[in-house]
Amino acid sequence: MAFWALLVIAGALPTAAQSSTVTYNRDIAPILYAHCISCHRPGEAGPFSLLTYQDARKHARQIAAVTKSRYMPPWLPEHGYGDFAGEQRLTNAQIKAIGDWVAAGSPQGSGTAPAPPHYTEGWQLGTPDLVITAPKPYTVPADGKDTFWNFVLSPSITATRWVRAIEIRPGNRRLVHHANLLVDRTRSCRLRERTPGAGFPGMDLTIEADTFDPDSHFLFWKPGSAPQVEPDGMAWRLDPGNDLVLNVHLQPSGKPEQVQPSVGLYFTDKPQTKFPMLIQLEHDGALHIPAGDAHFVVSDSFTLPLDADVLAVYPHAHYLGNVLEGYATLPDGSRKWLIRIPNWNLNWQAVYRYRNPVFLPKGTVISMRYEYDNSAANPRNPFHPPRLVVGGNQSTDEMGHLWLQLLPRGGKDERMVLQEALMKHRLAKYPGDFTACFNLGALRLRHQDINGAIEWLKKAVEARPNQPVALNELGAALEIASRDEEAIAYFRRALMAQPGYTNARYNLANALADTGRLDEAIPQFEAVVAADPEDSKAREHLAIAKQMLAEKQGRKSQ
């Protein structure tokens with residue numbers, strides 16, 4: 001008998017059957033370490049740990065089932081329809097290996113498993129330059145539907161800072177499904193709080209600003225995600241007096257629990273020199289989904305007015321969303337896929353960043369096509385039996401949004417070019433739309449086209465007669481045009497709609513002072529200073545108004 005055969009009989013060498021057996025140490029541990037333990041480890045959002053062989057063996061059949069169905073790891077985009085950084089999709093070979101391992105009895109194998117990846121405890125990027133904690137915790141009910149809650153955070157800064165990274169610490173990771181951070185430069189969101197510091201409910205948050213400053217970055221968190229550090233020149237601006245609003249998706253745990261998140265900010269001394277912008281394709285106005293319709297489709301398309309790189313994409317729908325597609329048709333007629341999700345699940349929505357920027361030349365048509373399933377066969381349908389569902393902000397309404405982070409080429413700030421094209425596109429879908437009219441008015445005002453600004457802002461006020469930001473902006477345009485009495489009337493209307501609107505009150509005070517009505521202007525300046533004692537400009541104008549009134553009264557008494 002040959003020497004090698006004797007070794008096999010004696011057990012010195014593995015047989016072919018032995019060498020082909022899938023083991024934890026050799027085959028399964030690397031898969032779990034690469035794709036699972038970012039969430040499935042102590043202190044993270046996963047319901048159990050998968051750090052050890054004993055952990056994995058205990059849940060082996062469950063692991064095989066959820067990976068075979070591709071429910072886990074949660075990765076929605078279809079492979080080949082966009083090249084994304086950090087892709088968590090398992091290969092067919094990896095899924096088969098897990099199934100074979102379970103079928104073989106989940107053996108550990110010889111030797112030792114590789115060491116698990118090292119995860120930094122605490123703040124992932126080190127100690128932040130500034131930590132902001134929600135003023136008050138929110139109590140998540142024991143059961144019921146998911147909750148969407150907004151925490152208003154107020155950074156304590158005295159000068160403009162440039163933010164290169166954020167890190168969101170949700171406070172109770174098991175309850176927080178995902179979170180979005182938005183910048184509120186008008187501090188208007190805090191007015192929605194019934195109790196100061198307590199936050200307010202809402203799933204989809206729109207912040208209307210009275211200056212042109214569009215969203216530029218996806219400030220998004222989900223369990224297992226790493227903080228995004230912006231490259232030099234891509235930091236975003238945070239000014240004194242700005243608020244940050246953390247929009248959090250919360251899930252009940254079976255008992256009442258509190259959540260009090262914190263946000264860490266990392267600053268840089270390198271200001272913004274590149275100006276990305278978030279653009280949105282949508283057609284919520286066409287969302288009128290009949291009960292039982294399993295293939296309801298909405299679409300939208302936008303023609304790029306300039307050359308740009310796509311850096312990231314964020315598709316969004318609610319529970320009826322099924323097939324979500326985003327693609328670009330280039331000027332030569334060829335198609336370039338941006339993303340395709342064949343089986344949407346709201347619970348696993350995410351921002352997807354491209355491994356390399358996707359270049360789209362001027363004239364490219366960016367399109368979204370979303371298909372919704374409002375049939376009883378949709379396991380995520382919130383209504384049984386199904387009923388008519390329309391577009392709206394509630395979780396049981398529907399949405400169809402495709403957000404893209406675009407960076408115009410050429411090195412200049414081209415966001416106004418993008419914004420104007422987007423708003424004209426929106427007006428083509430929704431004639432007389434408030435958002436489009438307001439933004440076009442703000443753009444005209446920035447371009448010093450005062451008459452054009454007044455025209456568009458009046459259309460915005462016609463669409464929403466009691467919208468305080470639009471009333472205030474129209475008043476500001478009229479004041480620049482020396483139409484003071486009209487401006488004063490609109491400032492007063494803004495304050496009637498929102499009595500705590502300090503910017504409108506300050507503008508009213510200045511307009512009254514400019515028309516010589518100092519006795520009316522002074523109480524308005526005093527109210528502004530009382531609301532914000534740190535407002536040095538308001539204090540200065542108050543002192544000037546008082547001095548002018550005293551001089552005026554002195555002249556009368558002579």
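Taking the conditions exactly as written (touching a residue at least 24 places away in the same chain (Cβ under 8 Å), surrounded by fewer than 16 Cβ atoms within 10 Å (Cβ to Cβ) and not acidic (Asp, Glu)), does GLN349 satisfy them or not? No: the conditions fail for GLN349. For the condition more than 24 Å from VAL229 (Cα to Cα), among the small types (Gly, Ala, Ser) and either modelled with pLDDT of 90 or more or loosely packed, with under 12 Cβ neighbours inside 10 Å (or both), ALA64 qualifies.
The set of residues from segment 334-364 being within 21 Å of ASP146 (Cα to Cα), outside any loop (DSSP other than H, G, I, E, B) and either assigned by TED's automatic domain parsing to the domain that holds VAL176 or of a type in the set (Phe, Trp, Tyr) (or both) comprises just one member, TRP348. Which one is nearest to GLN280 (Cα to Cα) among residues in segment 370-379 that are touching a residue at least 12 places away in the same chain (Cβ under 8 Å) and not in a strand (DSSP E or B)? Restricting to residues being touching a residue at least 12 places away in the same chain (Cβ under 8 Å) and not in a strand (DSSP E or B), the top hit is ASP373. Whether any residue in segment 380-392 is of a type in the set (D, E, K, R), farther than 30 Å from ARG444 by Cα and part of a strand (DSSP E or B) is what I want to check. For segment 380-392, residues of a type in the set (D, E, K, R), farther than 30 Å from ARG444 by Cα and part of a strand (DSSP E or B): absent. Taking residues in segment 136-156 that are outside any strand (DSSP E or B), and partners anywhere that are surrounded by 14 or more Cβ atoms within 10 Å (Cβ to Cβ) and small (Gly, Ala, Ser), the pairs with Cβ atoms closer than 7 Å and at least 6 places apart or on different chains are LYS136/ALA198; ASP146/SER395.
Suppose the filter is in a strand (DSSP E or B), among the hydroxyl-bearing types (Ser, Thr, Tyr) and at negative phi; does SER367 pass it? Yes; evaluated as a whole, the condition is true for this residue. Annotation: TYR327 fulfils all but one of (1) modelled with pLDDT under 95; (2) surrounded by 15 or more Cβ atoms within 10 Å (Cβ to Cβ); (3) outside any loop (DSSP other than H, G, I, E, B); the unmet one is (1).
The rows are residues; the columns are (1) within 22 Å of ILE454 (Cα to Cα); (2) assigned by TED's automatic domain parsing to the domain that holds VAL461; (3) at pLDDT below 95.
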residue: ALA489; (1), (2), (3): yes, yes, no
residue: GLN498; (1), (2), (3): yes, yes, yes
residue: ASN503; (1), (2), (3): yes, yes, yes
residue: THR515; (1), (2), (3): yes, yes, yes
residue: PHE525; (1), (2), (3): no, yes, yes
residue: ALA531; (1), (2), (3): no, yes, yes
residue: ASP535; (1), (2), (3): no, yes, yes
residue: ALA538; (1), (2), (3): no, yes, yes
residue: HIS541; (1), (2), (3): no, yes, yes
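Which numbered condition in (1) charged (D, E, K, R); (2) at pLDDT below 95; (3) not in a helix (DSSP H, G or I) is the only one that GLU420 fails? Evaluating GLU420 over (1) charged (D, E, K, R); (2) at pLDDT below 95; (3) not in a helix (DSSP H, G or I) leaves (3) as the failure.
Identify the residue in segment 109-146 that is in contact with a Pro (Cβ under 7 Å, 6 or more places away or on another chain) and under 30 Å from LEU238 (Cα atoms) and, among all such residues, is surrounded by the fewest Cβ atoms within 10 Å (Cβ to Cβ).
Only one residue tops the list, namely THR139.
Filtering segment 38-74 to residues that are of a type in the set (Gly, Ala, Ser) and within 25 Å of the chain's Cα centre (by Cα) leaves SER38, GLY43, ALA45, GLY46.
Contact map, segment 443-462: first residue in the same structural domain as LEU474 (by TED's automatic domain parsing), second residue surrounded by fewer than 15 Cβ atoms within 10 Å (Cβ to Cβ) and assigned to a helix (DSSP H, G or I), Cβ cut-off under 6 Å, separation 6 or more or different chains; pairs are ILE450/ILE480. When GLY410 is tested against (1) in the same structural domain as VAL298 (by TED's automatic domain parsing); (2) surrounded by 20 or more Cβ atoms within 10 Å (Cβ to Cβ), just one condition goes unmet, and that condition is (2). If you go through segment 257-274 and keep only what is farther than 19 Å from PRO135 by Cα and surrounded by fewer than 15 Cβ atoms within 10 Å (Cβ to Cβ), you end up with ASP269, LYS270, PRO271, THR273.
The values are calculated or read from the model by the stated rules, or taken from the named source; none is laboratory data. Just so you know, these numbers come straight off a predicted model, no measurement behind them. Backbone-built Cβ (ideal geometry, glycine too); neighbour counts: all protein chains shown.
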